[in-house]
Amino acid sequence: MLPGAGTRRRVLVSRRWIQAAALVAVFGFFVMGLLAFRTYTAGPPVPRLVVSESGQELFTGRDVAEGQKVFLANGLMQYGSVLGHGGYLGPDFTADYLRRAATAALRAHGGGDRAREQVRQEFRANRYDPRTGVLTYTRAQADAFTALTRHYRGYFADPRTDKGLRPNAITDPRQIHQLTAFLSWTAWIASAERPGAGYSYTNNWPAEPLVGNAPTADIVLWSVVSLVALLVGIGALFGAVGRWGGHLGWRGRQAETIDFRSPDRVALTPAQRVTAYFFLVVALLFLAQALLGGATEHYRADLTSFFGFDLAELLPFNLARTWHLQLSLFWVVAAFLAAGIFLAPLMAGHEPRAQGTLAWTLLAALVVVAAGSLIAEGLSIHGFVRPGNFWGSQQFEWLDLPRVWQILLAAGMALWAVMMWRALRATLARDSRGNLPWLFFLSGLAIPGVYAVGLLARPGDTFTTTDFWRFWVVHLWVEDFLELFTTAMVAYMFVQLGVVRERVALVVIYLDVILYSAGGVIGTMHHVYFSGEPVEHLALGAFFSAMEVVPLTFLTVEAWSFVQLGARQHMESRTPFPHRWAVMFLVAVGFWNFLGAGVFGFLINLPIVSYYEIGTGLTANHAHASMMGVYGMLAVALGLFTLRYLIPADRWPERWAKVSFWSLNIGLAWMCFATLLPLGLLQLHESVASGYFEARSLGYLTGDPNTLLEWLRLPGDALFIAGGVLPFCRIAWLGVRHRGRPAAADPATGVTPAPRLSDIREPVDTA
Amino acid sequence: MIFTTEAVLAYGYAAGLLVTAAGLDRMARHVGRRPERHRIRPDHDTRVCPAGRTPRPADREPHLARPSACVACPGGPGCARPGGGEIVRAPRPWPHSEAGRFHRGLALVLVVLAASLTLIEAVRRPAWPDLALAAAMLTAIAVMARWLVRRLRATPAGFPEPGGKATDRDRYASVRKSRP
Ligand code: HEM
Ligand SMILES: [Fe+2]
C-alpha cells in the first residue's frame, strides 16, 4: 500500500534551489526548441534537381539522400568526415570535393588570376531556385562533378587496402554516383552563399581560398565574446565561492561517527548479486574496446601492414573505429545501469520480488544488443547490407548502431528505468519530489529519454538536421545528463556510506543542475557551428558552451572537498574505509573533468579555433581525455564500489585495484601528452598555415614527425591495457566467482531486505 | 636561425611539459589545503575565526580575513599572516593526501615524457647547436625530476587505518604561516 500524498517527507532544501534549477532547464530547452525550429526552416535546401547550364540533369535530391546512406552504410563517417564530422584518418570529403572541383574548374578556365576570380564567383553564387527546387551548376562545376564521379569510383573501388579501407569497398556505379551527389551537395552548401548573406551556408567552412572561404566576421566576433564570457564566468564563480563557499560544495559537519560495515557483513539482494555479471561484461567490453583502439591506432602509425599481415581485409580501419567508439558507450552505459541496480535497493531499504530476474533480462538484452549491433555494423561495412536498411545499417558516428538496435537499446534502458521505478516506488511515494530519491530517479530517466532523441536522425534526412539531433545524444548525454546522474549517484553512494548528509548532497546536486544546464544545454550547438545551421546556432553555441567550463573549474576546486566527506569519520571508524580505490578513481574523474573536458575542450571550442581544427587531432585529444578520463574512470569507480561487496573481504585484491588505478591514469596521460596533444597542435598549425585540405591529407598524416609521435604512445597504451584493463578484468572475474553473500527473501512476499553499508555510532558534538 | 625548427619544437614542447608538471604540483598543493581555520555558521552567512570572531574576508583573497580585524585580536600572531588572517592551515586528511600524491605522480610522468622526447630528438638530429639545447633541457629535466621525486616521497598516501592514526602528513601541502 502506498501512503497518501499527505505523508510525503518535506523537501530538505530551500524551494529556491528547485525553482532556480527548473528555470534554468526550462529556459535551456525552450531555446533548444527554437533552434530546432530554425534548423528546419533556415537550414540549407536539398535541391529537387541539379542540372548543368545546358539543362542536362546531373543528380536529384533523392540521389543526395541515397548517397548519404551509401556513405554511412560503408562506414565512411568512421573513416573520414563530411562537414568536419567523422573519423580523422580519411579526408574530409566536403573539403576534398571542394578542393578537387575548384581545381578542375580553375584548370578548365585556363588558370591565372582572371580564372581564379571566375572560379570564386561561380562557386559562391547561389544558383538555387527555391520556386522550382532546381539548382544549376555552371559548366565547370558540372564537368567537375563528372570528373569527380570518376575519381571516387577509382578511389573506392581500389583493390588495395593501403588507405585503411577494405579492398573494392564500393564498386556499384549507381552507388558511386549517389555518393558523389551527396558529397557534391555538402561542397555546394559549403561554398554557395546563403541568400542575403556574404558567407556560405556553413559559415564559410572549410577554409578554401579557391572558393573564397575564410572566417566570417561572426566567427571572430563570437570567439571573442565567448572568451570574455568564460573569463567573467570564472571570475564570478570564484567570487561566489569565496563569499558563500561554505554553503556550497560538500563541506559540512557531521554529528555522528560511523562504522563502515565490512563487505562480509553486507548481505546482498538478488539483483545486486546479478551486477557481478554486469561488471564482468563491462570489463570484457572495456578490454575489447581498448584492444580495438590499439588496432585503430596501428593504422595511423603504420597504414599498410599490421606486423606483416593485411588486417584491412578483415578489420578495416573504419570497422575497428566503429567498434571502438560503440564499445566505449556500451561498457560505460552498462556500468551505469549496473550501479543503478545496485544502489536502488539501498535507497529503498528493500528489493521487490523478481527484480533479480529483471536484472538478468536486462543483461541478456544488453549483450544481445551489443553483439547484434556490432555484427550488423561489420556486415554493413563489408557490403552485405543495403544502405539505410532498418536492421543492418545506420552508422552515424557515435550513433552507429542500426535503427532496430538503437530502438532495442532505448527499450533496454527503459526497462532499466522500470526496474528503478519498481525498486523505488514506495520511497518515491513517501518523499518530496525535490529530494534525493526523486532526483536520482528523474536524472536516471533522462538517460533513455535523451538517447531516444537520437532516433530523430535518420540516414536519409538532410545532414544538417541529422547532425543537430545526433549531438543531442552525443553532447547532452555526456555534458549534461550523465554529469547530473553521476552526481546524483555518487552523492547517493556517500549518503549511503553515511559520510555525507542528504541535505548537503542535495544542495550539490541542485547546484550541478543549475551550473551544467546553464551552459551545457544550449552549448550543444558548439558541435554544429559549420553543419549548415544559421548563424545564431554558432553565436549561442559559442557563448553557452564557454559557460560549461565554469562548473568544470569549480568541480576541480570542489571535487576534492567532495570526498573530504567526514574524513574525520575515517579516522574514528573502528573499521577501515572499504572504498579507497573507488574514491581515488573519483578523484581522477575530477582531475580529467578539469583537464580533459575543461582545458582540452575549451582549447577547441572557440569558433575561430574550431574553424581550422574541427575533425583533427586536438579533437581526438579532447575526446580521449574526457570520455575515458571522466566516464571511463567513473565506470571503473562504480565497478570497484560494487565489486567490493561482491568479493569477500579477505579476497579483495587491493593491490590490483591500485595497479589498475595508476596504470589507467598514467597510460591515459601518456597517450594525451606524448601523442594526441602534440600531434593535434602540429596538425592545427598545418591547417592554418597550409590549409585544411592539406592538414587532413593522408600524405600529411603519414608524414615524418607524425609517424614517430604515433609510435611514441605505444608504452602508454601497453601500460593502459596490461596494467590497467587486465587487473580490472581480474577483479570483475573475482566478483563473478564469489557474488557476495545472499540476503534471505521474505518467503511470503518475496521482498528482500537491502543491506546497510555503515552503522552510525553515538552522536558526538563536533560543532 | 641557428637551431632547426624541429629541435625548437621538440625541446619547446618538452619545456611545456615541465611547466605543466610544475602546474600539477601546484594543484597538488592546492588539494592539500584546508580552508577550515574559519568555520562557517550555517544559520548566519558568516565565518567564525579561531578566536570566535566573525571577520570579513579580505577583498582580494577570500581565504584571508581583513588584516585590520586580526591586528587587535589576541589570537592574531598565531593565525594571521602579514596580509591578514590565515584561513588556510592544516593539511587535509585522506583522500586529499592521496589526491596530492596522484597529481605529483602524474607530474612525474610528464617529466619522464619530456626526457624521452628530448633523448629521441637528440638521437634523431644529432647536429651541434641543437645538442646544446638538448643538454640544457636534460639538465632542467634532471633538476625538476629530483625536486618532484622528493616532493612525491614527502607526500604519503595517508590512508587511515583504523586504530592507528593517519599520522603522515603531506609536508608540502600545508601553507606556512607567517614567519614571526
Ligand atoms: C565530460 C565531458 C565531455 C566529454 C565526455 C566530451 C566528449 C567529446 C567527444 C567524444 C567529442 C568528439 C565528438 C565527435 O567525434 O564528433 C567531443 C567533441 C567536442 N567537444 Fe567535448 N566532451 C566533454 C566536454 C566538453 C567541454 C566542456 C567542451 C568545451 C567547452 C567540449 C568541447 C568540444 C568541442 C568543441 C568538440 C567538437 C570538436 C570537433 O568536432 O572536431 N567538450 N567531445
Ligand atoms: Fe559537446
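The values are calculated or read from the model by the stated rules, or taken from the named source; none is laboratory data. From a predicted model like this one, the values you see are computed outputs, not experimental measurements. We place every Cβ from the backbone using ideal geometry, glycine too, and count neighbours over all the protein chains shown. These area figures cover heavy atoms from the full protein model, side chains too; ligands, DNA and RNA do not enter into them. Shrake-Rupley method; radii C 1.70, N 1.55, O 1.52, S 1.80 Å.
Annotation for residue A:314 and residue A:748: the two label points, set 7 Å from Cα along the Cα-Cβ direction, are 6.0 nm apart.
Taking the Cα centroid of the stretch A:728-750 and of the stretch A:455-478, what is the distance between the two, rounded to the nearest whole Å? For the stretch A:728-750 versus the stretch A:455-478, the Cα centre distance is 40 Å. Between residue A:760 and residue A:36, the simple label model (points 7 Å from Cα in the Cβ direction) yields a spacing of 4.3 nm. One decimal place: the segment residue A:264-residue A:103 gains 50.7 nm when fully extended, by the rule 0.36 nm per residue minus the C-alpha distance. Think of a 1.4 Å ball rolled over the protein heavy atoms: chain A then has 34 Å² of accessible area per residue. Roll a 1.4 angstrom probe over the protein heavy atoms and tell me the percent of accessible area of the protein assembly as shown that is carbon or sulfur. Result for the protein assembly as shown: 63 percent of the exposed heavy-atom area is carbon or sulfur.
As a check on your grasp of the helix formula, calculate [θ] at 222 nm for the protein assembly as shown: sum -39500 (n - 2.57) over DSSP H runs of n ≥ 4, divide by the residue count, round to the nearest 500. Calculated mean residue ellipticity at 222 nm is -19500 deg cm²/dmol.
Grouping the Cα pair distances of the protein assembly as shown into 20 Å bins from zero gives a pair-distance distribution of 13, 44, 33, 9, 0 percent in increasing distance order. A straight chain from residue A:364 to residue A:19 at 0.36 nm per residue would run longer than the Cα-Cα distance by 120.2 nm. Only loop residues by DSSP count here, and only those with at most 13 other Cβ atoms within 10 Å; note down the trypsin sites (Lys or Arg not before Pro) in the stretch A:586-656 that meet that. Hits after loop and neighbour filter: nothing returned. Most simply put, chain A has about 70% antiparallel DSSP beta bridges, counting only bridges with both residues inside it. Based on Cα contacts under 8 Å between residues 6+ apart, the stretch A:72-122 shows a relative contact order of 20 percent. Using R0 = 25 Å, the C-beta based FRET efficiency linking residue A:284 and residue A:411 works out to 0.65. Dividing the mean sequence gap of close Cα pairs (under 8 Å, 6+ apart) by how many residues chain A holds gives a relative contact order of 22 percent. A straight line joining the Cα centroids of the stretch A:121-149 and the stretch A:150-191 runs 20 Å. With R₀ fixed at 41 Å, the C-beta to C-beta distance from residue A:157 to residue A:117 puts the FRET efficiency at about 0.70. The mean sequence separation of alpha-carbon pairs under 8 Å and at least six residues apart, normalised by the residue count of the stretch A:1-68, gives a relative contact order of 15 percent. Take each residue of peptide B:94-103, count the partner chain Cβ atoms within 10 Å of its Cβ, and average: the result is 6.
Each chain gives up part of its surface: B and A jointly bury about 3800 Å² of accessible area, both sides summed, for a 1.4 Å probe.
For residue A:350, the residues whose modelled amide H falls within less than 5 Å of its own, excluding neighbours fewer than 5 places apart on the same chain, are A:754.
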